[in-house]
Structures are given as C-alpha cells and as structure tokens.
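Please read the structure below before turning to the comments.
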Amino acid sequence: MDTLAKRLTWARSEKSMSQESLAKAAEVSQSTIGNLEAGIRNSARRIAAIAAVLDVNPLWLSDGVGPIKPTNTGGGAVDRPINAIDVNHSRFRQVPVVGRAMGGMPDRAWGDGDYPAGDSDCYAEIASQDPNAFIVPIEGESMSPRFNPGEFALVEPNTAPELEDDVLVKLGDGRIMIKRLLSQRGAIRLGSYNSNEIISAPPETIVWMYYVAHPVPARKIKQRT
C-alpha cells in the first residue's frame, strides 16, 4: 500500500464502509473520497477527519508512516485523539484583522497587490505559513454553523482553493463574501451552509478568490496597545 489511494481504499473496506457513508461520517463530499481513492487528489487537509472515522493513524493514511492503528507510547502520557495534530509554535505570529467578510470591505484595508495592508489595530496569534494571511470578521448567517456571526475566519491567499473549500471571494460588483466553492467548470458556483442560494458567476467577473482555512473564535482577537 504505497499510495494514499490504496491505503484509503483498504482502510475503508476494513470498516465495511461505502464511499458515501465514509463521506457523511467525515463531513466531506463523496467526490472527495472518490478522488482520493482514484489518486486524482492528494490533499491532506481532510485526512485527519477521514482517519478518525476509519480508526487509523492519520500519518499512516497520508504518508504511510508509522503504525496503522493509533498507539499510546505509555510513560504516563495522556491519551490523544487519533486526529490530534502536533502544534508547531514557531509558526504562530500576529495575523491582522481587516475589513468585513461580506457586504464589502473598505478600500483602505487593501494594498497595491490586492492583499491587506496589515495596519489593523486588531490581530490574533495564529499558526499560518502564509505570509499574506489575514483575518476577517463574519457577518450574516448563511455560512452557519461553520462560520457564525461575531466570529472570524483565517484567510490564506497563497493556498489554491479546491472544490468544496471555503473561500473569500470578491465579485465584479464589489461584493466580498465567504462562500463554499462548488464548481469551477464554466461558471464559478458558490454556495452556503445555511441557505440553498447558489451564486453563479463567469470566471472573468471574479476579482479574486482566496482560501479560507478555518474559523477563529472572537476570544482569540486582541487589540494592539
């Protein structure tokens, strides 16, 4: 089992799960599972959730490293969830909060390269490898329960969005919003979690579209002194 595709197919068969049932339990799409097993996609962003459902070591599933089953090394260590990921504290830095996540952002928040200027009075200490990462407040309920009003979202512009990722997108009419990327074939199709509304826009009307990594709780936001 020298590929993620083979390991995933084997682990799923060991659990006697269909692609559909695995996708539902891991809260991903069936096409994500199908693409991983076909070797079309090798994204590691959802591996932890999939490994948790299959009761396998996520590092083994993604890279073929270590035992198949999660193990506790002993020595009085606290048991860790199988989808636990070690935190590299060297990646933590002050990421600025800018603008708004929907309804438009002030022009002053953006630099010449269409990235935030970074001169916000608010920030959060977040682990991110993207030097252009920034944080936006959430307004509106269309993306609940993943993104709730009053919370924030970490945006990493240098990560290419994939289908079903959450994205921060600016449309040609000036609207800026967080949506789910549903399709890039022909028109760009954007959806929500808490609404059936689908936004369809020709690619040429998309000013930019950035990958949204994850929600950021309001308690993480700090004021510069």
Practice problem: Taking the residues in the range 125-144 that are in a loop (DSSP other than H, G, I, E, B) and charged (D, E, K, R) as candidates, determine which candidate is nearest to Ile198 (Cα to Cα). | Solution: Glu141
Self-check item: Single unsatisfied condition, Ile176 versus (1) in contact with a helix residue (DSSP H, G or I) (Cβ under 6 Å, 6 or more places away or on another chain); (2) crowded, with 16+ Cβ neighbours inside 10 Å
Solution: (1)
Quiz item: Of all residues in the range 198-225 being small (Gly, Ala, Ser) and surrounded by 14 or more Cβ atoms within 10 Å (Cβ to Cβ), which is farthest from Asp121 (Cα to Cα)?
Solution: Ala201
Quiz item: Does at least one position in the range 145-153 carry a residue that is at negative phi, outside any loop (DSSP other than H, G, I, E, B), at pLDDT below 85 and in contact with a helix residue (DSSP H, G or I) (Cβ under 7 Å, 6 or more places away or on another chain)?
Solution: no
Quiz prompt | Test: residue in the range 150-168 that is of a type in the set (S, T, N, Q), exposed (fewer than 14 other Cβ atoms within 10 Å of the Cβ) and under 22 Å from Glu125 (Cβ atoms) | solution = yes
Self-check item: Leading residue by the ranking (surrounded by the most Cβ atoms within 10 Å (Cβ to Cβ)) among those in the range 186-197 that are closer than 17 Å to Val207 by Cα and either modelled with pLDDT under 90 or in contact with a Pro (Cβ under 8 Å, 6 or more places away or on another chain) (or both)
Solution: Ile188
Practice problem: Tell me which residues, restricted to the range 1-32, are within 14 Å of Asp63 (Cα to Cα) and outside any helix (DSSP H, G or I). | Solution: Met1, Asp2, Thr3
Quiz item: If you check Gly99, Gly34, Gly64, which single one turns out to be surrounded by 13 or more Cβ atoms within 10 Å (Cβ to Cβ) and modelled with pLDDT of 85 or more?
Solution: Gly34
Quiz item: Are there any strands (runs of 3 or more DSSP E) wholly within the range 154-225 with 1 or more residues that are closer than 17 Å to Pro137 by Cα, and if so which?
Solution: 166-171, 176-183, 206-216, 221-223
Quiz item: Residues of the range 1-44 being touching a residue at least 60 places away in the same chain (Cβ under 8 Å), charged (D, E, K, R) and closer than 22 Å to Leu181 by Cα, which ones?
Solution: Arg41
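The values are calculated or read from the model by the stated rules, or taken from the named source; none is laboratory data. Being a predicted model, the structure only gives us computed values, none of them experimental. Cβ coordinates were reconstructed from backbone atoms using ideal geometry, including for glycine residues, and neighbour counts include every protein chain displayed.
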